[in-house]
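Structure record follows, encoded as structure tokens.
The values are calculated or read from the model by the stated rules, or taken from the named source; none is laboratory data. Quantities reported herein were computed from a predicted structural model and do not represent experimental measurements. Quick reminder, even Gly has a Cβ in these numbers, built from the backbone with ideal geometry, and neighbours come from all protein chains shown.
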Amino acid sequence: MKRKNTNVPVKILVASATILIAVILIIVLASNHFLSNKTTAASANPTGTEGSDKNAKEKKKSPEEEKAEKKAELLQKADLLAAGYDYDGAIAALQTFDGYASDTDITGKIASYEQIKGTLVAFPVEKVTHIFYHSLIVDPSKAFANHETNKAAQGMNQWMTTVEEFNKITQDMYDEGYVLVSIHDLVKEQKNADGSVSMEKGTIMLPPGKKAFVLSQDDLSYYHSYTGYGIASKLIVDENGKPVNEYYDASGKLLTGAYDVVPLLDKFIEEHPDATYHGARGIIALTGYNGVLGYRTDESYKTQPADLNADKKQWLKDNPDFDLDKERADAKKVADAMKAEGWEFASHTWGHLHIDKVSLESLKTDSNKWKDNVQPIVGNTDVIIFAFGADLGGAGNYNESDAKVALMESMGFRIFCNVDGNPTAGPHFASHYMRMPRRNLDGYRIYMNSIGQEHNLSDLFDANQVLDKKRPPVKPLT
Ligand SMILES: [Zn+2]
């Protein structure tokens, strides 16, 4: 019901835009008819010179036609912005139209946006929930094969979500009124006069009944250890400039398309522009040791130190044409295409370190590796998503005198994410940082909810409906 109500204004906007486009089309057709009549008359001219002038004129649009086209484009752009709850952006777009104030189509549209904007309410940022995934399983028969004896298959069953499960969750959450927001919609970084940074709560304005959520995806490197488990192999940029996956099916055939979170969610948002707030996308947590996004961008593939892992050695053997600069350039192209769509990036530490157990020295070395190997590809970030769901020094009370906290802040991190399955565990706002717990929507969590052993997903979806029938029972964590 809630969704239907909020869709009504969008439908009215779409309908009025359609009528307007139809009117413009009639005007354009009528003027073309007028021109072609004139051309026929001119072709009787024996010199032909005037005729060719007229032909040239026929191809060139009149200023009125150009203006009508521009207006239709702007109305369409504004409707898309408004669908994503960005009414100020929609109004600003329309105000770029020359003489908009005396155009009743435009002023009428602006008034309708203002009216809807007046009905929005602030969603409490303390109540924003944060869900996360790992890379999705495309082929469960490969991922879970021999799960009774194969430890890696057991890991796949516990930590991974299948494409089928992801698609059901995305649809169910949308139907429940969930709207994807950016983690940066929750909090704003303020530079103080003395150079220090303080964090202030952000404002999220949504229609009544809608609920904001943040989404992240961890370890989007397509690690060597994923090979053969029915998971995509990399992200590439397609001919339209959009990020899509490469995936080898069971017969070894290379397919290109939506086989993981990024392109699947992009596709869903394209079909449901009201699923996202101001064009937000998810946040990708990256390590660096196997490269990023399916590219072998780490310098170790080139320097090949003595302790190089066996899987890296094998990969280099299988890929004699490896060129570090090319891998990095290709990965950057993908990262740029993702950023253009609203995707954001976070550190997951270069070496997937347990932040609480690692020594300060190791953390410093690791930080430099992330800066050298990952940051040049994805850019600066103020978000760190801790590996293993660990946390820094305990429950969201980071002391600036703690050397690890100081190191994290010196690297520019102001948003810290741990893992907590409790649906009511919201973000903690401090003067100099925000800590946001995340909820794992993985095989373990979905399975435990589906058999009634856990009850911490029902605010998002029905685990019983979502659970992939091809997933074997998930053993409790040991
Ligand atoms: Zn991880």
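Yes or no, residue by residue, for (1) farther than 30 Å from GLU400 by Cβ; (2) within 16 Å of the ligand (Cβ to nearest atom); (3) out of contact with any Phe, Trp or Tyr (no Cβ under 9 Å at 6 or more places or on another chain); (4) not in a strand (DSSP E or B):
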position: GLU200; (1), (2), (3), (4): no, no, no, no
position: PRO208; (1), (2), (3), (4): yes, no, yes, yes
position: ALA212; (1), (2), (3), (4): no, no, no, no
position: ILE231; (1), (2), (3), (4): yes, yes, no, yes
position: GLY241; (1), (2), (3), (4): yes, no, yes, yes
position: SER251; (1), (2), (3), (4): yes, no, yes, yes
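Annotation note: Cβ proximity below 8 Å between a residue of segment 128-141 that is more than 18 Å from LEU180 (Cβ to Cβ) and a residue that is away from the ligand (no atom under 15 Å from the Cβ) and in a strand (DSSP E or B) (sequence gap 6+ or interchain) occurs for ILE137/THR162; VAL138/THR162; VAL138/TYR247; PRO140/THR162.
Considering segment 162-195, and only residues there that are in contact with a His (Cβ under 8 Å, 6 or more places away or on another chain) and not in a loop (DSSP other than H, G, I, E, B), the residue that is surrounded by the fewest Cβ atoms within 10 Å (Cβ to Cβ) turns out to be TYR174.
Within segment 141-157, the set of residues being in a helix (DSSP H, G or I) and touching a helix residue (DSSP H, G or I) at 6+ places or on another chain (Cβ under 8 Å) comprises ALA143, ALA152, ALA153, MET156, ASN157. So, in segment 253-263, exactly how many residues are part of a loop (DSSP other than H, G, I, E, B) and among the small types (Gly, Ala, Ser)? Selection size over segment 253-263: 1.
Consider segment 274-325 and keep the residues that are of a type in the set (A, V, I, L, M, F, W, C) and over 30 Å from CYS417 (Cα atoms). The one that is farthest from the ligand (Cβ to nearest atom) is ALA306. Against the list (1) over 20 Å from the mean Cα position of the chain (by Cα); (2) within 16 Å of the ligand (Cβ to nearest atom), the condition CYS417 fails is (1). Across segment 338-375, the qualifying residues are those that are under 30 Å from ILE269 (Cα atoms) and of a type in the set (A, V, I, L, M), and the one among them that is nearest to the ligand (Cβ to nearest atom) is ALA346. Residues that are without any contact (Cβ under 8 Å) to a residue 60 or more places away in the chain and among the hydroxyl-bearing types (Ser, Thr, Tyr): does segment 339-355 have at least one? Within segment 339-355 (the criterion being without any contact (Cβ under 8 Å) to a residue 60 or more places away in the chain and among the hydroxyl-bearing types (Ser, Thr, Tyr)), the answer is no, since none of the residues qualifies. Of the residues making up segment 256-268, at least one is in contact (Cβ under 8 Å) with a residue 40 or more places away in the chain, of a type outside the set (Asp, Glu) and surrounded by fewer than 22 Cβ atoms within 10 Å (Cβ to Cβ). Can you find a residue that is hydroxyl-bearing (Ser, Thr, Tyr) and on the phi < 0 side of the Ramachandran plot anywhere in segment 302-312? Yes, segment 302-312 contains at least one residue that is hydroxyl-bearing (Ser, Thr, Tyr) and on the phi < 0 side of the Ramachandran plot. With the structure loaded, tell me whether ARG435 is of a type outside the set (Val, Ile, Thr), surrounded by 18 or more Cβ atoms within 10 Å (Cβ to Cβ) and closer than 18 Å to HIS184 by Cα or whether it fails that test. Yes: the conditions hold for ARG435.
Does PHE416 count as touching a helix residue (DSSP H, G or I) at 6+ places or on another chain (Cβ under 9 Å), hydrophobic (A, V, I, L, M, F, W, C) and surrounded by 14 or more Cβ atoms within 10 Å (Cβ to Cβ)? Spelling it out, PHE416 is indeed touching a helix residue (DSSP H, G or I) at 6+ places or on another chain (Cβ under 9 Å), hydrophobic (A, V, I, L, M, F, W, C) and surrounded by 14 or more Cβ atoms within 10 Å (Cβ to Cβ). Given the structure, is THR349 at positive phi, surrounded by 14 or more Cβ atoms within 10 Å (Cβ to Cβ) and among the β-branched types (Val, Ile, Thr)? Considered against the rule, which asks whether it is at positive phi, surrounded by 14 or more Cβ atoms within 10 Å (Cβ to Cβ) and among the β-branched types (Val, Ile, Thr), THR349 comes out as yes. The criterion of being crowded, with 18+ Cβ neighbours inside 10 Å and either more than 22 Å from PHE345 (Cα to Cα) or under 18 Å from the mean Cα position of the chain (by Cα) (or both) holds for ILE131. Being at pLDDT below 95 and either not in a loop (DSSP other than H, G, I, E, B) or not acidic (Asp, Glu) (or both) is a description that does not apply to ALA285.
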